[in-house]
Structure formats: structure tokens, C-alpha cells
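The structure follows.
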Amino acid sequence: MKRLIAAMLATVLAGPAMAEFPEKEITLVVPSAPGGSGDRVARTLSKYNRAIKAFGQEITVKNSRGGGGSVASRQVKEADPDGYTILLLHQGLITANVLGVTTYGPEAFEPLAEVAQQCLVYVGSPETPYANYKEAVEAVKAGSKLREAANIGAPAHFASMYLNEVAGIDVTLVQAGQGSERLASLMGGHTDVSIFAVSEALAYQENGLKPLVIMSAERDPVLPDVPTAKELGYDAEFCIGNWILAPKGTPEDVLAKLRQGLETLMTDPELVKEMTEGGFKPVFVSGDALAAKIEASTQTIKRLGAKIEKK
């Protein structure tokens, strides 16, 4: 009897057993509308997680568009740090902070992993006379004007600033907005050039847009005829990194399980194939390597942001 009472007392004192994470679905918040590049990455993760059960629970995608990504980032920043609400965002987290849209940057989150990259492609309208970006640069230096459809303050704007800075030219920026709106500006003849992620440039080729240069280390297999900036003599690389982030203060064991699930997903051959064919470069970068990439992006964007302020 004494042993039974002791066992019962030990059970009461121990309290209920802690459930192992995750015990319910995980919400992945994205800043883009359905069909946007970030949304496509998130839904690909959700789809293959359902197939291979990398997390043991569903991943539900929540679209929270607005404020240059700040609506989505703020939702996750203020969420309970329990691992059940995470964020997919990119350098927009940095640009929003540099431009004063938010009072926080990547330091307000726990970085989990980079899961996909997209380098930026400078394109011309269907009427552009230029075969590549170098021809456009030479024309501007000879006195021609170049009107760029822009989403001012977004990562794509910073990428075009960087490229044009390296090339030594100034362009006329025309605020257009998101990718579909920049496409409409080009198709309507209101602007001459714009900049898109690879997946967008790939999708918009059917409209007659002409890729002029890609800001990657090497040519992209889905756009094999598009020269890199370095090939044309401009040492300028800029790739969007799709980062998965958790609220600050999320327990380390939960972070480890989230990273493990993401790594499992990113080694699935069918997921890799689908992402690659869609214009994304599937990767898995975490830990110190991811921290270094985020810091490098932060420094570049801060420097370019100072130029915007001066203007």
C-alpha cells in the first residue's frame, strides 16, 4: 500500500506529461497574395509536407499582404513563441526596417533556414531595342533615357539600384507596384525596363518581355540564354532568399525540430524538381551560414538605403 501511495504521489507531483512538438498544425505566414512567389514557395512546402509528413502535422499557409511585408512579419513577431506560427519572408524584412516602415529587422526573429533562392532578372519591354543590359547601359551613357517600372522600397528596387550603380547609370523610376503591375506598365508602353525574380520573368516571357541580364553567379538553367551581370562586365549579384523565421524566444528544442522538418522537406527529390522547374533554386541553409547571409544582405541594403534617403 505504501508503494502504491508513493507512486500515486509521484505522478501527481510530476504533473501532466509534456506533449511533444508539434501536436497541431503549423501556420506559415507569407507576405504575398495567393500566386505570388513567396506564396508559391510556401504552398510547395505545405504540399510536400502533406506527402512525406516531414513535420508530422499539416502546414497551413496564411497570406497576410501589406506594408511591404510588415503586416505578415508583425503578426509572427507578436505571436506566441511556441513554434506554431512561423514566417516566410526575404530581404523585405530588411528593406522595411531600413526605410522606417518597421522598427525591427531580422534580429527580432529566430532564423530557421533559407529554403529557396531567386536571383533577379532585368527585363525589357516587348518593344525594347536592346539585346542585353550592356546595350541598354551604352545607350543611356550616350544620352538615351531609360524608364524603369519599379516597386520603390521593395527588394527588387534595391537590386536594380545596385545593378545600375555598378554600371554607372541613372534611370527614371516610375512607381508601378507588385510584379503584375510592373508587367502592365511595360506592356502598356509606360516604361522600358523592370526587374523581376526568375519565376516571374519565366512566367512573363509569354508576354514578349525580353530578359536582358540576370544577377546571379552563373546562368540559370530555366533561362539559359540570359547572360549574368558579371559576363557583361558588371560585378553585381542580388538574389532573393526565402527565409523561414520563428518568433524570438521560441524554445531551442522546438527550433531544432522545425529546422529538422525543413531539412527533410528540402531533400525530397520531387519537391526539388518542382521548385527548380518553377524558377526557384531549392536550398537548405541554416545556422552560422544563414546568419552570415542575412548580415551581408543587411549591410548592402543599409548602404543603398542611405542613397535613397539622400535623394
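The values are calculated or read from the model by the stated rules, or taken from the named source; none is laboratory data. Every value quoted in this text rests on a predicted model; they were computed, and no experiment measured them. Every residue, glycine among them, receives a Cβ derived from its backbone with ideal geometry; neighbour counts consider all protein chains shown. In case anyone asks, the SASA skips ligands and DNA or RNA and just uses the protein heavy atoms, side chains included. Shrake-Rupley method; radii C 1.70, N 1.55, O 1.52, S 1.80 Å.
Under 8 Å for C-alpha pairs, at least 6 residues apart: give me the relative contact order for the chain, rounded to a whole percent. It would help to have the intermediate numbers written out before the result.
Values: 560 pairs, mean separation 77.9, N = 311.
Answer for the chain is 25 percent.
So, with +1 on the Cβ of K and R and -1 on the Cβ of D and E, and no other charges, what is the size of the charge dipole of segment 127-285 about its Cα centre, to the nearest 20 debye?
Values: 13 positive and 23 negative charges, 63 e Å.
Charge dipole, segment 127-285, about its Cα centre: 300 debye, nearest 20.
Also: Which stretch or stretches of segment 138-180 have amide N atoms under 19 Å from the point lying 7 Å from Thr300's Cα along the Cα→Cβ direction?
151-169
Lysines near Lys273 by alpha-carbon distance under 29 Å, same-chain residues fewer than 8 away left out - which ones?
Qualifying lysines at Cα under 29 Å: Lys24, Lys47, Lys53, Lys62, Lys210, Lys230, Lys257, Lys281, Lys293.
Solvent-accessible area per residue for segment 209-311 at a 1.4 Å probe radius, Å²?
Working: 5080 Å² over 103 residues.
Counting only protein heavy atoms, the per-residue value for segment 209-311 is 49 Å².
Sorted by average packing, counted as other Cβ atoms within 10 angstrom per residue and highest first, what order do 46-53, 155-162, 194-201 take?
Values: 46-53: 15.8, 155-162: 24.4, 194-201: 26.5.
Ranking, from highest mean packing down: 194-201, 155-162, 46-53.
Between Ile169 and Val283, what is the FRET efficiency for a Förster distance of 35 Å, r being their Cβ-Cβ separation, to the nearest 0.05?
On the way: r = 32 Å, r/R0 = 0.91.
That gives a FRET efficiency of 0.65.
Here is a further query. Quick check on the chain: helices-only [θ] at 222 nm, where DSSP H runs of length 4 and up contribute -39,500 (n - 2.57) each and the sum goes over total residues. Nearest 500, please.
When only DSSP H runs of four or more count, the value is -13000 deg cm²/dmol.
Here's another thing I want to ask about it. Rounded if a/c is under 1.5, else prolate if a/b is larger than b/c, else oblate: which is the chain, with a ≥ b ≥ c the root eigenvalues of its Cα gyration tensor?
Working: a/c = 2.77, a/b = 2.22, b/c = 1.25.
Taking the square roots of the gyration eigenvalues as a ≥ b ≥ c, the chain is prolate.
Assuming a ≥ b ≥ c are the square roots of the Cα gyration tensor eigenvalues, decide whether segment 255-311 counts as rounded (a/c under 1.5), prolate (otherwise, with a/b larger than b/c) or oblate.
Values: a/c = 4.29, a/b = 1.85, b/c = 2.32.
Oblate.
Now, a different point. Suppose every K and R has +1 on its Cβ and every D and E has -1 on its Cβ; what is the size of the dipole of the chain about the Cα centre, in Debye to the nearest 20?
Values: 31 positive and 37 negative charges, 124 e Å.
Dipole magnitude for the chain comes out near 600 debye.
Which of these, Pro129, Pro111, Pro247, has the largest mean-square fluctuation under a Gaussian network model of the chain (Cα springs below 10 Å)?
Among Pro129, Pro111, Pro247, the largest mean-square fluctuation in the Gaussian network model of the chain belongs to Pro129.
Work from the charge dipole of the chain (Cβ charges, +1 for Lys and Arg, -1 for Asp and Glu, about the Cα centre) and give the residue of Asn49, Leu209, Asn63 farthest towards its positive end.
It is Asn63, whose Cα lies furthest towards the positive end.
Can you tell me the FRET efficiency between Glu274 and Glu138 if r is taken as the Cβ-Cβ distance and R0 is 25 Å, rounded to the nearest 0.05?
Working: r = 39 Å, r/R0 = 1.57.
Approximately 0.05, to the nearest 0.05.
Still on this structure, please answer the following. Would you work out which of Pro31, Val101, Tyr162 lies farthest towards the positive end of the dipole of the chain, given +1 charges on the beta-carbon of Lys and Arg and -1 on that of Asp and Glu, about the Cα centre?
Val101
Roughly how many nanometres apart are two label points built 7 Å out from the Cα toward the Cβ at Ile308 and Gln178?
Once both label points are built, they end up 1.9 nm from each other.
Out of all DSSP beta bridges in the chain, what portion is antiparallel? Express it as a percent rounded to 5. If you can, show how the numbers build up before the last one.
Numbers: 24 of 39 bridges.
DSSP beta bridges in the chain are roughly 60 percent antiparallel.
While we're looking at this one, here's another question. Just to verify a number: FRET efficiency for Thr103 and Arg219, C-beta to C-beta distance, R0 = 41 Å, to 0.05?
Numbers: r = 40 Å, r/R0 = 0.97.
Given R0 = 41 Å and the Cβ-Cβ separation, E is 0.55.
Label segment 149-247 by shape, choosing from rounded, prolate and oblate, from the square roots a ≥ b ≥ c of the eigenvalues of the Cα gyration tensor; if a/c is under 1.5 it is rounded, and otherwise prolate applies when a/b is larger than b/c, oblate when it is not. Intermediate values should be presented prior to the final figure.
Details: a/c = 1.20, a/b = 1.09, b/c = 1.10.
Cα axes put segment 149-247 in the rounded bin.
Determine the share of the chain's accessible area contributed by carbon and sulfur atoms, expressed in whole percent, with a 1.4 angstrom probe. Before the final figure, lay out the partial values.
Details: 7690 of 14630 Å².
Carbon with sulfur: 53 percent of the solvent-accessible area.
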